[in-house]
Amino acid sequence: MKMTSIKMKKILDERLAGPAYRISYNRDKDTYRIVWKESNQGITITLPNVVAKYNERGEKAVDDLVEHVTEALKVMNEEQELTGMEKNIYPVIRATSFATKTKSGDKLVCKEHTAETRVYYALDLGKSYRLIDESMLEKEGWNQERIDEIATFNIRSLNNDYKKDTVAGNDFYFVAKQDGYDASRILNEAFLEEMKLNSKGELAIAVPHQDVLIFADIQNKTGYDVLAQMTMKFFAEGRIPITSLPFIYENKELEPIFILAKNRPTE
């Protein structure tokens, strides 16, 4: 039986029914909204996207969505504290186009990284995370230096296992632990230096989306083309895309490179 937005709405009505929530459906936009009554904060779901996932994965897609929504609403309505949660604070890399304020207007704590990327800070809550805003820092009496120090220390403590692939005489290394902080490992300078030390050619690094970090040991001109295609593919497929431009890593600096169709990088 063919799944439609209306049928999906009925399924979600049943699965998400509860006295704490208020549910509404926008027929024109084909969106479904769940709001926590007390705080008036909520989540909007685009129903055709859910239908597409359902057609691909069946009931599992609905289970995952319901779990994600209930967890996200719970996080929105809890007061999070940073003190005592230091081990759960991590940096996250985002595109420079990413919002610098929360939906309720609070300024997110962030710092510049490269021309393409910016660093934000997340409080890891297990199944989800919350980006840290300035009001959370003020409440704790913390400053940005402290949060940056803690987050940087924690990113260094993560495992950096990678898979290696050799294409046309160039070595590619992929870190994809799926822990939410794969791209963030680009902030672990010791790891970058180690990869640089062990590279035979020029070291390029890419963070196309949140869940992968790519190192490319470029040993011939074809390597740039391969890296450009690879980065673009990952960027297009990523859940949280960051940048399709790779970086050359030289003298502890990351320089974005535009790779032209025929393999020479131009800075």
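Please name all residue pairs, on different chains or six or more residues apart, with Cβ atoms under 8 Å, provided the first residue is in the range 133-148 and is closer than 21 Å to Ile93 by Cβ and the second residue is assigned to a helix (DSSP H, G or I) and open to solvent by 20 Å² or more (accessible area, probe 1.4 Å).
Note: pairs meeting the criteria are Leu137/Gln144.
Conditions (1) over 16 Å from the mean Cα position of the chain (by Cα); (2) polar (S, T, N, Q), marked per residue:
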position: Lys163; (1), (2): yes, no
position: Val167; (1), (2): yes, no
position: Ala176; (1), (2): no, no
position: Tyr181; (1), (2): no, no
position: Asn188; (1), (2): yes, yes
position: Ala206; (1), (2): no, no
position: Val212; (1), (2): no, no
position: Ile240; (1), (2): no, no
position: Glu253; (1), (2): yes, no
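Just the residues that are under 24 Å from Ile186 (Cα atoms) and open to solvent by 70 Å² or more (accessible area, probe 1.4 Å), please, taken from the range 84-106.
Of everything in the range 84-106, those that are under 24 Å from Ile186 (Cα atoms) and open to solvent by 70 Å² or more (accessible area, probe 1.4 Å) turn out to be Lys87, Ser97, Phe98, Lys101.
Do we find a residue being touching a strand residue (DSSP E or B) at 6+ places or on another chain (Cβ under 8 Å), at pLDDT below 95, under 20 Å from His113 (Cα atoms) and charged (D, E, K, R) anywhere in the range 180-194?
Scanning the range 180-194, I find no residue that is touching a strand residue (DSSP E or B) at 6+ places or on another chain (Cβ under 8 Å), at pLDDT below 95, under 20 Å from His113 (Cα atoms) and charged (D, E, K, R), so the answer is no.
Taking the condition of being open to solvent by 10 Å² or more (accessible area, probe 1.4 Å) and touching a Gly at 6+ places or on another chain (Cβ under 9 Å), how many residues in the range 197-209 meet it? Give the steps one after another, and end with the answer.
So in the range 197-209, the residues open to solvent by 10 Å² or more (accessible area, probe 1.4 Å) come out as 197-202, 209.
Subsequent filtering for residues that are touching a Gly at 6+ places or on another chain (Cβ under 9 Å) retains 201-202, 209.
Residues meeting the conditions: 3.
Kindly provide the set of residues from the range 113-138 that are of a type outside the set (S, T, N, Q), open to solvent by less than 50 Å² (accessible area, probe 1.4 Å) and assigned to a strand (DSSP E or B), ordered by number.
Once the filter is applied, which keeps residues that are of a type outside the set (S, T, N, Q), open to solvent by less than 50 Å² (accessible area, probe 1.4 Å) and assigned to a strand (DSSP E or B), the range 113-138 yields Arg118, Val119, Tyr120, Tyr121, Ala122, Leu123, Asp124, Leu131, Asp133.
Evaluate the following for Val51: is it closer than 30 Å to Ala151 by Cβ, in a helix (DSSP H, G or I) and of a type outside the set (Ser, Thr, Tyr)?
On the way: closer than 30 Å to Ala151 by Cβ: no; in a helix (DSSP H, G or I): yes; of a type outside the set (Ser, Thr, Tyr): yes.
Taking the combined requirement at face value, the residue does not satisfy it.
Consider Val69 against the criteria (1) under 19 Å from the mean Cα position of the chain (by Cα); (2) within 27 Å of Glu145 (Cβ to Cβ): it satisfies all of them except one. Which criterion is unmet?
It is condition (2) that Val69 fails.
Are there any pairs with C-beta distances below 6 angstrom linking a residue in the range 113-132 that is β-branched (Val, Ile, Thr) to a residue that is surrounded by 19 or more Cβ atoms within 10 Å (Cβ to Cβ) and part of a loop (DSSP other than H, G, I, E, B), with the two at least 6 apart or on different chains, and if so which?
Ile132/Val109
Please go through the range 38-48 and give me each residue that is modelled with pLDDT of 80 or more and not in a strand (DSSP E or B), ordered by number.
Leu47, Pro48
From the residues in the range 13-25 that are among the aliphatic types (A, V, I, L, M) and modelled with pLDDT under 90, which one is farthest from Asp63 (Cα to Cα)?
Across the range 13-25, the extreme among qualifying residues is Ala20.
The values are calculated or read from the model by the stated rules, or taken from the named source; none is laboratory data. Everything numeric in this text was worked out from a predicted model, so none of it was measured. Cβ coordinates were reconstructed from backbone atoms using ideal geometry, including for glycine residues, and neighbour counts include every protein chain displayed. Surface areas here come from the heavy atoms of the whole protein model, side chains and all, with no ligands, DNA or RNA. Shrake-Rupley method; radii C 1.70, N 1.55, O 1.52, S 1.80 Å.
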